[in-house]
1. Collect the residues in the range 160-181 that are assigned to a loop (DSSP other than H, G, I, E, B) and either over 21 Å from the mean Cα position of the chain (by Cα) or within 16 Å of the ligand (Cβ to nearest atom) (or both), keeping them in residue-number order.
2. Tell me, yes or no, whether the range 89-96 has at least one residue that is away from the ligand (no atom under 16 Å from the Cβ), within 19 Å of the chain's Cα centre (by Cα), part of a loop (DSSP other than H, G, I, E, B) and over 24 Å from Val45 (Cβ atoms).
3. Residues to consider are Lys157, Lys149, Lys136; find the one that is surrounded by fewer than 21 Cβ atoms within 10 Å (Cβ to Cβ), at pLDDT 95 or above and not small (Gly, Ala, Ser).
4. Look at the range 124-148 and say how many of its residues are β-branched (Val, Ile, Thr), part of a loop (DSSP other than H, G, I, E, B) and within 16 Å of the ligand (Cβ to nearest atom).
5. Given the conditions (1) assigned to a strand (DSSP E or B); (2) over 11 Å from the mean Cα position of the chain (by Cα); (3) of a type outside the set (A, V, I, L, M, F, W, C); (4) away from the ligand (no atom under 16 Å from the Cβ), which single one is not true for Lys107?
6. Would you be able to tell me the number of residues in the range 20-48 that are more than 18 Å from the chain's Cα centre (by Cα) and of a type in the set (S, T, N, Q)?
7. Within the range 44-80, take every residue that is small (Gly, Ala, Ser) and at pLDDT 90 or above and give me the one that is nearest to Pro17 (Cα to Cα).
8. Please verify whether the range 49-57 includes one or more residues that are part of a strand (DSSP E or B) and either touching a Phe, Trp or Tyr at 6+ places or on another chain (Cβ under 9 Å) or surrounded by fewer than 18 Cβ atoms within 10 Å (Cβ to Cβ) (or both).
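The values are calculated or read from the model by the stated rules, or taken from the named source; none is laboratory data. These numbers were taken from a predicted model, which means no experiment stands behind them. Here the Cβ is made from the backbone with ideal geometry for all residues, glycine too, and neighbour counts use every protein chain on show.
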Amino acid sequence: MSVVPGTPLGTEEEYIPGANTVLEGSDIYASAVGEKNIREKVVRVNSKTNVPFMLKPGEVVVGRVAEIFEPVALIELQWRRDERGRQVWLPGYAVLHASNVKDAYVKNIHDEVKIGDLVRAKVVKIQRGDVELTVKERELGVLVAYCTKCRARMERKRGGFYCSNCEESEGRKIAEYGVEGFV
Ligand SMILES: [Zn+2]
């Protein structure tokens, strides 16, 4: 089971808090992105985001929305561009918090990005191996969206996306420039 910082993992009555967890009252929460693991009553998170050596704050990356745990989206990293414009494939995952989607308040991150979407994002910070992303800037956000009803690739239309297969329109935090050269 994939978890992000803040995902409830259980209570102190059930488990002993282990690596990459925090205890608040008697509740245990994840403090890193990774896989929940329980062994001999110890609950821990095996970190998946160990990529800081390949990334630094300010870098632009492309990733795919893997899971949503309100108010956070878990982004499976895909690639960044090096100085010569070549794709450098990235391992691991990063997190996009609802507060890093727009300057305006975002209540539900699933209104702005959806599972399967390809997003262009910028690294805000890297802390204890966890990579935090932002899509606040105009050129950042969803590049490619898939219809939540039929999974067809959608077209960009009027600041959102349109599915010509089932005639569904869906909103996103859209990246304002085209997808050329990125996808
Ligand atoms: Zn559709």
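1. Passing the criteria: Ser164, Asn165, Cys166, Glu167, Gly171, Arg172, Glu180, Gly181.
2. The answer is no, given that none of the residues of the range 89-96 is away from the ligand (no atom under 16 Å from the Cβ), within 19 Å of the chain's Cα centre (by Cα), part of a loop (DSSP other than H, G, I, E, B) and over 24 Å from Val45 (Cβ atoms).
3. Lys136
4. Of the residues in that region, 1 qualify.
5. So the condition that Lys107 fails would be (1).
6. Of the residues in the range 20-48, 4 are more than 18 Å from the chain's Cα centre (by Cα) and of a type in the set (S, T, N, Q).
7. So, considering only residues that are small (Gly, Ala, Ser) and at pLDDT 90 or above, the one nearest to Pro17 (Cα to Cα) is Ala73.
8. no
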